[in-house]
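The values are calculated or read from the model by the stated rules, or taken from the named source; none is laboratory data. Computed from a predicted model, the values in this text were never measured in an experiment. All Cβ positions, even for glycine, are placed from backbone atoms using ideal geometry, and neighbour counts span all protein chains on display.
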Amino acid sequence: MAELGHDVLGVDVDEAKVDALSAGRAPFYEPGLPELLAAEHGRLRFTTDIAEVEHARVHFVAVGTPQKAGSDEADMRFVDAAIDALLPHIGPGHLVVGKSTVPVGTAERLAARVEETGAHLAWNPEFLREGYAVSDTLTPDRIVYGVRFGDARTAEVLDEIYGRSLEAGTPRIITDFATAELVKVSANAFLATKISFINAMAEIAEVTGADVTTLADAIGFDARIGRRFLNAGIGFGGGCLPKDIRAFRARARELGVGSALDFLDDVDQVNKRRRARVVQVVSEQLGGSIQGRRIAVLGLSFKPDSDDVRDSPALDIAQRLDSLGARVAATDPEAVETARRVAPDLDYRDSLAEAVVDAEILLVLTEWQQFCGINPHEVAGLTSARTVIDGRNCLDVSAWRAAGFTYIGMGRP
C-alpha cells in the first residue's frame, strides 16, 4: 500500500515483529520484501498501539485464520479480536476492509458491528502466493470488492486505493459479501483439487509403468485443462490450501450442504497419501529397513522461495523418517530455522554438501532451484549414495542416471 502511494500504519500485537519491521527487517523470508520495506520507509511505519489508527480512514484487517485445534473449522478468534480492538477508534467516514480468508457469512456478521459505529465494511480477498507476494500484491491478476448492495461510495474509495493497479488494466469485480468470501476459498479448493488430481494419476502411473509427467504434458495442451499446477509430487502444504479446504468443507456442513464438498475429503486424503508414499519408497530402496539408515533430505519449506514450514510435506516426511529411526540430515536454503522451531530433534545441516556427505539415499523434497539445478556429477563426488528420490519431479532424469544414480520420481517409471 505504501508502494502504491499511500501513508500506511501497520499494527500488530507482537512487539518483536513491530520492532523488526520498524528497523526495515522482514520477519519472514519473502523475495523482494526487504527492498520494499527499505524503499517505503518514509511512508510506512509500525506500532503496537491500536489507538494510533484514529488518524486513518481506511483500515485493512489482515490477520490469520488458522485451523481450529481439534476441528476442521477456521479459528476466527484473531479476526474477531482485531475488529473488537478497532471498533472504539472508527466512526462515520471510516472504511474497514477485510483481507483475511474467512468462512462465508463472516463479513455479514462483522458488518452489523462495524455499521453500528457509522463506518462501512468491505471484503477484499487477497490472492498472493508465497514467494511471489510482492508482485502479486502490486500487480494482481484481479481485484474483488465485496460491498453492500448499492454502496457506490465504498467502491469509489477502493478504486482510489488501487488506482495504479486499475490504471494498468487489472480486472475489477464488484460483488456482495458472500461472493467475495467464496472467491478466495473456492479458488483454493479448485487449485487443491487440480494438484490432488494429478497426484491421483501418479498413483495409477506407479502401478502401471506410465509416466505422469508426460501424461500431464499431454492433457495440459487441452485449453479446458491447462498445464499449470499439474505437477505430481509429494502434494501441497503451507498455511493456506490445507486449512482452507478443510474450513470450507466444515462451513458447508454448517450450512446444510456438506455433500456439495464431499469430494474435498478425497482431495485431502490423496494429498496426505503422497507423503506416506515417499516413506514407502525410501523403505523399499533401503531393503525394507529404515532404522539407523542415513538419509539426506533436501528441502524443508512447503514450497521454494519461502521459509514457511506450516503443514510442509517436506518437513512432515523428514519427521516421519526420523520417527522410524532413520538418521536424517536435513537442509534448506531458508527454512532451517523455522523448521528447527517446529521439529527441534532433526539433524539440520547448513548446506547441501553437509547434508549428503554420509547419506545412503538422497531425497529432494522442495523444488528450490539450488537443488533442481545442481550438477549430479558434483553430488556424486560428495557422497557414496547412488539413489535419489525426486519428490518434486524437478531433476534432470537423464543427467542423474548418467552420473550413476538410480533415479526415482513420483509417478514416473
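Does ALA343 fit the bill of being more than 30 Å from ALA402 (Cβ to Cβ) and of a type in the set (Gly, Ala, Ser)? When the stated conditions are applied, ALA343 passes them. For segment 112-133, filtering for residues that are part of a helix (DSSP H, G or I) and touching a Pro at 6+ places or on another chain (Cβ under 7 Å) leaves 0.
Scan segment 312-337 for residues that are more than 21 Å from GLY131 (Cα to Cα), assigned to a helix (DSSP H, G or I), touching a Lys or Arg at 6+ places or on another chain (Cβ under 9 Å) and of a type in the set (A, V, I, L, M, F, W, C) and the total you get is 2.
Taken over segment 135-178, the criterion of being among the polar types (S, T, N, Q) and either buried (at least 16 other Cβ atoms within 10 Å of the Cβ) or touching a Phe, Trp or Tyr at 6+ places or on another chain (Cβ under 9 Å) (or both) is satisfied by THR137, THR154, SER165, THR170, THR175.
The number of residues in segment 385-407 being under 27 Å from ARG273 (Cβ atoms), small (Gly, Ala, Ser) and without any contact (Cβ under 8 Å) to a residue 40 or more places away in the chain comes to 0.
With respect to GLU35, determine if the residue is more than 21 Å from the chain's Cα centre (by Cα), at pLDDT below 95 and surrounded by 13 or more Cβ atoms within 10 Å (Cβ to Cβ). No, not satisfied. In segment 338-413, counting only helices (runs of 4 or more DSSP H) that sit wholly within it, the ones holding 1 or more residues that are of a type in the set (D, E, K, R) and more than 22 Å from GLY292 (Cα to Cα) span 376-380, 397-402. Of the residues in segment 32-41, at least one is assigned to a loop (DSSP other than H, G, I, E, B) and in contact (Cβ under 8 Å) with a residue 40 or more places away in the chain.
Is it the case that segment 145-159 has a residue that's under 25 Å from ALA2 (Cβ atoms), in a helix (DSSP H, G or I), in contact with a Lys or Arg (Cβ under 9 Å, 6 or more places away or on another chain) and of a type outside the set (A, V, I, L, M)? Yes, that holds for at least one residue. Scanning for something touching a residue at least 60 places away in the same chain (Cβ under 8 Å) and either at negative phi or outside any loop (DSSP other than H, G, I, E, B) (or both), does segment 218-232 turn up at least one residue? Yes, segment 218-232 has at least one match. The number of residues in segment 122-163 that are in contact with an Asp or Glu (Cβ under 9 Å, 6 or more places away or on another chain) and basic (Lys, Arg) comes to 2.
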